[in-house]
Amino acid sequence: MSTFNHRETLKNIPHKPGVYQYWDSNDNLIYIGKAKDLRNRVGSYFNNDLNNNTKTRVLVRKINKITFTLVDTEIDAWLLENSLIKKHQPRYNVMLKDDKTYPWIVIKNEPFPRIYWTRKIVKDGSKYYGPYASVSMMHAILDVIKELFPLRTCNLRLTEDNIEKKKFKVCLEYQIGNCLGPCEGLQSEEDYDANLEQIENILQGRISIVINRLKSELELAIAELRFEYAQTIKRKLDLLANYQSKSTVVSTSLSKVDVFSIASEGDVAFVNYLKVMNGTIVQTQTIEMKKKLDESDAELLALAISELRSRFESDSREIIVPFTIEIDNTEELKFTIPKQGDKRKLLDLSQKNVLFFKKEKLEQYEKLNPEIRTNRILDRMKKDLRLKEQPRHIECFDNSNFQGKYAVSAIVVFKNARPSKKDYRHFNVKTVEGPDDFKTMEEAVFRRYRRLLEENQSLPQLIVIDGGKGQLSSAVKSLKKLGIEKELTVIGIAKKLEEIYYPGDPYPMYLDKKSETLRIIQQLRDEAHRFGITFHRNQRSRKTFQTELTSIPGIGKLTAEKLLRKFKSVKKIREAKEEELLQVLSFKQTKALQEFFISQEP
């Protein structure tokens, strides 16, 4: 704990909304937070029963001074917290990893205003639209505007006085139809501003207003038999229809809303934002946030909402979110958690985007650092299987027999979520007569961990038994004999429905079919089965061949065993040269063996 008296400090903090700041002994600002009740929130940091997070305990030990700022409402606290974090960037606050400067479309404050894109905002009365997270979308909008409405691109000072004095001449842009020549007075300012009004409607997402107006002009042109002009308007309508089809239209009933969703993984979180105006998604952006104090998704989302609304200058009064966040609905803002309808579809779209972004980012990180992937998978397994620690060492058992004969057991080992084939083991069952899978499992588990204990080798964190409750109980019986049943976790997996069983629990646990935890367990089970079956076939083949060999005159059981020890497999014995066979057999035995192989050929 820090040396300052936090109890005395708390007495001076009121039960009101505001923003609190923590300072260290060097007078550095180390954390900023918001609260609707400052005293309760600040006090919670010093409550050891509530505060179990290691990073938070480190922060608390560094606190040497607490200051706070009172505000009128919780919304004010929310906005003030965001602006102070952006300004001071305290060490223990969430880090937003997206510091790009996004482009804007500007309508310049000047006679016959130009329209172009910029990354710099100048407060000179010009109108700015954006910012645009997608540069390609911004250029697509500018291209549509250029096609629809001829506007000047020059930087001439087109004042009324300069135009009257004939200071300028039309350029090539006028000759090719991209400009209507306001520099020579060939286009009135009133006509130019009418086009600007239509452009502003497009930039604000009100495309239907522009389309309806053009349709009215088209009908009038046809009625007046101005077919060439009508064709020009028709081309503009087609351009707008094409542009609109590339925009995400959600519902005309949703005039102005913001949509947010979040997906977190370990120490990072990703937040997606959709800005909807007049039934069209006009902005979309996904940001990454780096956690500092194991913040909850609700805390992260609240911070991201404030930041993104500020960044994209949103004044929408309704915000669609996936769950309740710690900001009450007010007259200024309304938070909605939709269950169905158009708003739910919007939220689903946002969640789909954030999950895709998360997947892409994690894949990038994991390619650069495979240990990140390993930790993520092991953390997920720890959580899904209710383990005390990451299962960095896992062992899986599988038994095989053929009509009650040749019973064998196989053990496969995974370390750091990957097969460790050098640690695979298999052995013949010695104490079980007949096809008793439970007794076979009991012997296999006992022999495996008795040896590990005798050799002072480390035990696995997780044991997977290929089978249901019966095989699992047999494994636990052996672990109890060895006195290690509390030192590790053992589970069984039943093949039919992929059910996970725990000792003493009559009800199985079902993992998500797409989860990486289940995939690793299935991989373990399938690898143990493959390894066991391969060993079992080899054993069966050796013993069958050994029996066949002993039927050859002059070759007994000991001679057959010598051959198998020397050549390791039937295939190698068959392919061996005569001089190699003579190293083990007599000349007479060699001839008899060769005749035996010839008789086996089809």
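Yes or no, residue by residue, for (1) of a type in the set (A, V, I, L, M); (2) touching a strand residue (DSSP E or B) at 6+ places or on another chain (Cβ under 6 Å):
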{"site": "Glu443", "(1), (2)": "no, no"}
{"site": "Gly468", "(1), (2)": "no, yes"}
{"site": "Ile484", "(1), (2)": "yes, no"}
{"site": "Lys514", "(1), (2)": "no, no"}
{"site": "Thr517", "(1), (2)": "no, no"}
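Can Val276 be described as over 25 Å from Pro103 (Cα atoms) and not basic (Lys, Arg)? Taking the combined requirement at face value, the residue does not satisfy it. Listed by position, the strands (runs of 3 or more DSSP E) inside region 356-451 whose residues that are of a type in the set (A, V, I, L, M), modelled with pLDDT under 90 and on the phi < 0 side of the Ramachandran plot number at least 1 are 405-415. Within region 166-225, the set of residues being in contact with a strand residue (DSSP E or B) (Cβ under 9 Å, 6 or more places away or on another chain) and charged (D, E, K, R) comprises Glu200, Arg206.
If you scan region 494-522, which residues turn out to be surrounded by 17 or more Cβ atoms within 10 Å (Cβ to Cβ) and in a helix (DSSP H, G or I)? Once the filter is applied, which keeps residues that are surrounded by 17 or more Cβ atoms within 10 Å (Cβ to Cβ) and in a helix (DSSP H, G or I), region 494-522 yields Glu516, Thr517, Leu518, Ile520, Ile521. If you scan region 576-602, which residues turn out to be charged (D, E, K, R) and at pLDDT below 80? Glu595, Glu601 - these are the residues of region 576-602 that are charged (D, E, K, R) and at pLDDT below 80. When you check Met381 against the structure, is it of a type outside the set (Asp, Glu) and in contact with a strand residue (DSSP E or B) (Cβ under 7 Å, 6 or more places away or on another chain), yes or no? Taking the combined requirement at face value, the residue does not satisfy it. In region 463-479, the count of residues that are under 21 Å from His393 (Cβ atoms) and surrounded by fewer than 18 Cβ atoms within 10 Å (Cβ to Cβ) is zero. For the criterion of being surrounded by fewer than 18 Cβ atoms within 10 Å (Cβ to Cβ), closer than 25 Å to Lys256 by Cβ and modelled with pLDDT of 80 or more, Arg309 fails. Looking only at residues in region 454-493 that are among the acidic types (Asp, Glu) and not in a helix (DSSP H, G or I), which one is farthest from Leu385 (Cα to Cα)? So, considering only residues that are among the acidic types (Asp, Glu) and not in a helix (DSSP H, G or I), the one farthest from Leu385 (Cα to Cα) is Glu455. Go through the residues of region 504-524 one by one and say whether even a single one is modelled with pLDDT under 85, more than 30 Å from Gly468 (Cα to Cα), out of contact with any Phe, Trp or Tyr (no Cβ under 8 Å at 6 or more places or on another chain) and not β-branched (Val, Ile, Thr). No, every residue in region 504-524 fails to be modelled with pLDDT under 85, more than 30 Å from Gly468 (Cα to Cα), out of contact with any Phe, Trp or Tyr (no Cβ under 8 Å at 6 or more places or on another chain) and not β-branched (Val, Ile, Thr).
Here Lys339 meets the list (1) touching a residue at least 40 places away in the same chain (Cβ under 8 Å); (2) of a type in the set (D, E, K, R); (3) not assigned by TED's automatic domain parsing to the domain that holds Leu452 almost entirely, failing just condition (1). Considering only residues in region 9-60 that are at pLDDT below 80 and not in a loop (DSSP other than H, G, I, E, B), the one that is nearest to Ser306 (Cα to Cα) turns out to be Lys55.
The values are calculated or read from the model by the stated rules, or taken from the named source; none is laboratory data. Quantities reported herein were computed from a predicted structural model and do not represent experimental measurements. Cβ: placed from backbone, ideal geometry, glycine included. Neighbour counts: every protein chain shown.
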